[in-house]
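Before any comments, here is the structure.
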Amino acid sequence: MVAITAPSSIEQIPLMRCPKANAGQAAAAIPCVDLSAPGAAAAVADACRSVGFFRATNHGVPAGVADALESRAMAFFALPAQDKVDMSGAARPLGYGSKTIGSNGDVGWLEYLLLSVSSNSVKVSSLPPPLRTALEEYTAAVREVGGRVLELIAEGLGVDRALLRSMVVGREGGDELVRVNHYPPCPLRAPGDCGVTGFGEHTDPQIISVLRSNCTAGLQIKLRDGRWVPVPPDPESFFVNVGDSLQVLTNGRFRSVKHRVVAPEGAQSRLSVIYFGGTAASQRIAPLPQVMRDGEQSLYREFTWGEYKRAAYKTRLGDHRLGPFELRAAASEPAQGADPQPHCSSGTCMPQQQQVAQVY
């Protein structure tokens, strides 16, 4: 059974305009980095600088680890809704959630588990043992991928290789999360070139995020020229996002990427698992002195991760969340709340409705 029931009106789930894109052109727009190649550090830095997003291959995670989590997560999401809540707790924000994302009014066609990697905020032991085991094995593997990527980013920036990794992986009081998103096939048929929102557009506030999905499409990223392009699914690869915190640490050299998910229209569910590499609440976030050129001015005021997390929790999805922390406006940033991509409602495209974002 599917635990999501169709809303009584299509207006209850926001629609988004989804311009059609050639699959080959879309794939070409997304950098691919072989993490085992000699030039991986330079390739990662180029991808973070040009797009803020890349596909990572030769990551070293056995296919069976991801496959086991996918199978057991799908079995969990097939349970009755109350059983899922009883096992993991209602999302506040950690736990199980359905359609509602956070506590400020965002909705999407999905259900999810949001779990803390570095604390006991969620009683993972209450999950079905096969799922718990699969989550533990997968999380250990993907944390290592995240750590390797952070080392390559640091090397590409010309700073100490361990600098960024030490802010996240194994950091006492660190804020690492894993999110399992399930997007069932959506019975709602959006008009024209619109799609039903699975997860609304946003950037990730952490340093990096590492995503893996099954074979069902839906993820889209926004390129620097304002175009939205679909990300072809590849279960054998991971996809890495630059987060807002990394944008600040590099003084804007790397830019966090807006992304969103369109709900599946076919017969297959989409399942994605995202690892969020956040640091400790007390960690100060500011441009790294090692990357600053002589005379270069900081674009951002210094803040702690805890301060930014609290501020980001109050913003809307279309807002430029780093705006209040900027010392001078970046010429390439749109005004706060601006969205050149219209959203759709009941067959008619109109400006995006104001929606409140959630941090994770």
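The values are calculated or read from the model by the stated rules, or taken from the named source; none is laboratory data. What you see is a predicted model, and the numbers here were worked out from it, not measured in a lab. Please note: Cβ atoms are built from the backbone with ideal geometry, for glycine as well, and neighbour counts cover all protein chains shown. Calculation scope for accessible area: heavy atoms of the full protein, side chains included, ligands and nucleic acids excluded. Shrake-Rupley method; radii C 1.70, N 1.55, O 1.52, S 1.80 Å.
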Check your understanding: Pairs of lysine in the range 10-325 with Cα under 16 Å and at least 8 positions apart or on different chains: total?
Key -> 4
Study note, to complete from the structure: Quick calc, S116 & A37: beta-carbon distance into FRET formula, R0 35 Å, rounding 0.05, result 0.60
Practice item. Search the structure for amide H atoms under 5 Å from the amide H of L219, placed 1.01 Å from N in the peptide plane, and list their residues when 5 or more places away or on another chain. Key: V231, V262
Review point. Once you put a point 7 Å from the Cα of N104 and another 7 Å from the Cα of S71, both along the Cβ direction, what distance in nm separates them?
Key: 4.0 nm
Review point. For the range 216-299, which chymotrypsin sites (Phe, Trp or Tyr not before Pro) are both in a DSSP coil and crowded by at most 12 other Cβ atoms within 10 Å?
Key: none
Check your understanding: Check T304: other-chain or 5+ apart residues with amide H under 5 Å from its amide H, H built from backbone geometry?
Key -> I285
Study note, to complete from the structure: For the range 119-202, shape from the Cα gyration tensor axes a ≥ b ≥ c, cut at a/c of 1.5 then a/b versus b/c, turns out oblate
Check your understanding: Considering only P19, F53, A134, whose Cα is most displaced toward the positive end of the charge dipole of the range 10-325, charges sitting on Cβ of Lys, Arg (+1) and Asp, Glu (-1)?
Key -> P19
Check your understanding: To the nearest 0.05, what FRET efficiency results for E302 and D46 with a Förster distance of 22 Å applied to their C-beta separation?
Key -> 0.20
Review point. Classify the range 204-258: rounded, prolate or oblate, from the alpha-carbon gyration tensor (a ≥ b ≥ c, eigenvalue square roots; a/c under 1.5 rounded; otherwise prolate if a/b is larger than b/c)?
Key: oblate
Point to revise | Chain lengthening between L327 and D225 when straightened (0.36 nm per residue, less Cα-Cα) | key: 34.3 nm
Practice item. Pop out the ³J(HN,Hα) list for the range 84-94 in order, Karplus 6.51 cos²θ - 1.76 cosθ + 1.60 with θ = phi - 60°, rounded to Hz; leave Gly and Pro as x. Key: 5, 5, 4, 6, 10, x, 6, 5, 9, x, 7
Practice item. Provide the per-residue ³J(HN,Hα) series for the range 175-183, in order, calculated from phi with Karplus coefficients 6.51, -1.76, 1.60 and θ = phi - 60°, each as a whole number of Hz, with x at glycine and proline positions. Key: 10, 9, 10, 10, 10, 10, 9, 10, 10
Point to revise | In order through the range 161-167: 3J(HN,Hα) via Karplus (6.51 cos²θ - 1.76 cosθ + 1.60), integer Hz, x for Gly, Pro | key: 4, 8, 4, 6, 4, 5, 6
Study note, to complete from the structure: One finds, for D160 and R189 with R0 = 51 angstrom and r their Cβ-Cβ distance, a FRET efficiency to the nearest 0.05 of 0.45
Revision key, fill the gap. In debye to the nearest 20, the charge dipole size for the range 36-167, taken about the Cα centre with +1 at each Lys and Arg Cβ and -1 at each Asp and Glu Cβ, equals 160 debye
**Study point:** Surface accessible to a 1.4 Å probe, per residue, for the residues of the range 10-325, Å²
**Key:** 38 Å²
Point to revise | Residues whose placed amide H lies under 5 Å from that of I208, excluding near-sequence neighbours | key: G243, G277
